[in-house]
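The values are calculated or read from the model by the stated rules, or taken from the named source; none is laboratory data. All of these numbers come straight from a predicted model, not from anything done at the bench. Here Cβ is always computed from backbone atoms with ideal geometry, including for glycine, and neighbour counts include all displayed protein chains.
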Amino acid sequence: MLRQSDRKLDVFPAFQKVAGRRVVVVGGGEEAAAKLRLLSETSAALEVISPAVDHALAAAIEKTGATWHRTAFRPALLTGAALAFAASGDEGADTAVVNAARVFGIPANAVDRPELCDFYVGALVNRAPVAIAITSTGVGPVLARHIRARIEAMLPGTTGDLARLAESFRDTVARVIEAGPARRRFWARFFSGSVAANLQAGRPDVARSEAQRLLNTRNDEPGFVWLVGAGPGAEDLLTLRAQRLLQEADVIVHDALVPDAVVAMGRRDAERIAVGKRKGAHSVPQDEINAILVREASAGRRVVRLKSGDPLVFGRAGEELAALHAAGIGCDIVPGVTAALAAAASARIPLTLRGVASQLVFATGHDKDGDTLPAWADLALNGATVAVYMGRTVAARVAARLIKAGLPAKTPVAVIENAAQRDERLLSGSLGDLGTVATRDDIDGPVLIVVGAVVGHADLAASQPFRPAEALRAIAAA
């Protein structure tokens with residue numbers, strides 16, 4: 001168990017002002033080049049001190065516009081610098097640079113020599129004017145870089161733009177909104193509502209208009225709806241944007257096929273509205289779902305409409321988008337990993353393969369009236385891979401239609417149940433035997449059927465046959 005003293009930092013995080021000031025790097029190799037590239041993300045006046053430089057540093061000097069002093073290090077060259085970096089790779093030379101810097105009262109850093117450093121250089125996330133630096137105080141620099149990578153992925157590239165937009169409104173906000181809860185509510189809405197959403201969607205003019213409207217009608221901020229793809233169900237296949245929006249949403253309207261663990265990734269105080277729709281058991285009609293989205297957004301709430309897979313693939317997104325547009329509600333779409341791609345990845349089925357299949361068809365096993373669709377049969381005959389969604393109960397009819405159209409009964413087929421989830425199951429066989437899948441009582445999860453020659457090129461060693469073992473034994477005995 002950690003003692004309380006073990007939880008105290010040996011460093012105090014701070015950000016050094018360097019705009020327009022000299023920052024000196026002493027060294028002629030890759031270590032100096034790496035520091036120069038990092039420092040080029042600031043507006044400091046960069047200088048390099050070394051009699052000679054290698055190719056990498058020469059390129060960095062040219063790219064960053066740094067001044068190169070072609071001379072051996074002399075302490076006087078540090079005069080007036082804001083920071084000094086010793087990056088020669090030689091312990092004696094680096095120690096001399098650090099000691100000279102301390103005489104001048106200049107903080108110094110020696111690359112890969114933490115015992116010599118006055119400060120550490122953190123792994124930097126640059127969203128200027130916003131900056132995040134992560135340090136392990138020299139104990140685990142690789143860990144710091146891993147943390148940085150996660151933050152880089154989660155933090156939108158428009159964060160700096162949002163900060164600058166906020167700066168342009170700061171004086172006005174201070175003048176018209178009294179300090180305290182009212183001002184905090186304004187900024188909370190500014191940074192996580194329609195202003196931020198429009199900036200992230202590449203609409204800066206709309207974002208500024210929304211910011212002005214938020215200021216003019218502080219209690220009447222327009223709501224916003226995101227149609228978010230939850231992917232096939234595995235939490236780690238959710239996109240980073242989807243994760244962020246779940247944390248920002250006031251309301252999460254979710255389908256039954258979205259696992260509880262994914263819904264739970266939303267803010268704890270967000271309202272959850274289940275509109276579970278499973279084939280043959282639509283608990284909430286689509287018109288009512290549309291009305292819920294319009295109602296919640298009209299009340300100024302940020303709404304995530306969380307759908308299994310991708311919203312635009314058999315997700316009825318078109319109907320919801322039309323309802324939102326008709327009501328004048330702002331909306332955006334966050335794609336998700338659709339079931340066909342997740343299933344193929346899990347089963348290692350190449351959906352397209354040079355010389356075998358160059359077309360891919362996403363199809364549903366039935367139309368709005370429940371009829372099995374024959375429209376894509378000709379594509380299958382021409383060598384396309386066909387991924388059939390929601391096809392278990394119509395597997396026999398799908399097989400019969402394709403065979404009648406001329407597709408050989410021996411065409412390889414894979415069936416993936418609960419794709420990319422812990423209880424995923426892979427079955428394989430031929431088109432002629434596909435119908436047996438519909439009669440199996442032990443298959444009750446979402447099913448994706450892949451039909452085509454590419455299935456024969458997959459590694460199906462771990463798959464189960466379409467017919468259960470007991471049925472195969474009965475056939476053999478007969």
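Observations, loosely collected:
- Here 121, 125 are screened, and the one residue that is in contact with a Lys or Arg (Cβ under 7 Å, 6 or more places away or on another chain) and not basic (Lys, Arg) is 125.
- In region 132-160, the residue that is surrounded by the fewest Cβ atoms within 10 Å (Cβ to Cβ) out of those that are within 30 Å of residue 93 (Cβ to Cβ) and touching a strand residue (DSSP E or B) at 6+ places or on another chain (Cβ under 8 Å) is 145.
- One residue from 320, 288 being closer than 29 Å to residue 391 by Cα, out of contact with any Pro (no Cβ under 7 Å at 6 or more places or on another chain), surrounded by fewer than 18 Cβ atoms within 10 Å (Cβ to Cβ) and of a type in the set (Asp, Glu): 288
- Answer from 17, 35, 8, 63 - the residue that is basic (Lys, Arg) and over 21 Å from residue 122 (Cβ atoms): 63
- For region 304-320, the set of residues classified as of a type in the set (A, V, I, L, M) and at pLDDT 95 or above consists of 304, 306, listed by residue number.
- Of the residues examined, residue 128 is one that is exposed (fewer than 15 other Cβ atoms within 10 Å of the Cβ), touching a residue at least 40 places away in the same chain (Cβ under 8 Å) and small (Gly, Ala, Ser).
- Exactly one residue out of 309, 300, 330 is on the phi > 0 side of the Ramachandran plot, crowded, with 20+ Cβ neighbours inside 10 Å and in contact (Cβ under 8 Å) with a residue 40 or more places away in the chain, and it is 309.
- Residue among 244, 268 that is in contact (Cβ under 8 Å) with a residue 60 or more places away in the chain and either in the same structural domain as residue 448 (by TED's automatic domain parsing) or surrounded by fewer than 23 Cβ atoms within 10 Å (Cβ to Cβ) (or both): 244
- Hey, residue 255 in contact with a Ser or Thr (Cβ under 7 Å, 6 or more places away or on another chain) and either farther than 30 Å from residue 168 by Cβ or not β-branched (Val, Ile, Thr) (or both) or not: yes
- Meets criteria (in a helix (DSSP H, G or I) and among the small types (Gly, Ala, Ser)) for residue 207: yes
- Those helices (runs of 4 or more DSSP H) lying entirely in region 70-176 with at least 1 residues over 30 Å from residue 213 (Cβ atoms): 91-103, 141-154
- Subset of region 437-467 that is assigned to a helix (DSSP H, G or I) and either at pLDDT 90 or above or within 34 Å of the chain's Cα centre (by Cα) (or both) - its residue that is surrounded by the most Cβ atoms within 10 Å (Cβ to Cβ): 455
- Taken over region 404-421, the criterion of being closer than 19 Å to residue 467 by Cα and either in contact (Cβ under 8 Å) with a residue 24 or more places away in the chain or part of a strand (DSSP E or B) (or both) is satisfied by 411, 412, 413, 414, 415, 416, 417, 418.
- Just one of the listed residues (82, 87) is buried (at least 21 other Cβ atoms within 10 Å of the Cβ), modelled with pLDDT of 95 or more and within 42 Å of the chain's Cα centre (by Cα), and it is 87.
- Enumeration of residues in region 338-350 that are outside any helix (DSSP H, G or I) and crowded, with 22+ Cβ neighbours inside 10 Å: 338, 349
- Candidates 226, 187: the one that is part of a helix (DSSP H, G or I) and aromatic (Phe, Trp, Tyr) is 187.
- Residue in region 6-26 that is in contact with a Ser or Thr (Cβ under 9 Å, 6 or more places away or on another chain), farther than 19 Å from residue 108 by Cα, outside any loop (DSSP other than H, G, I, E, B) and modelled with pLDDT of 95 or more present: no
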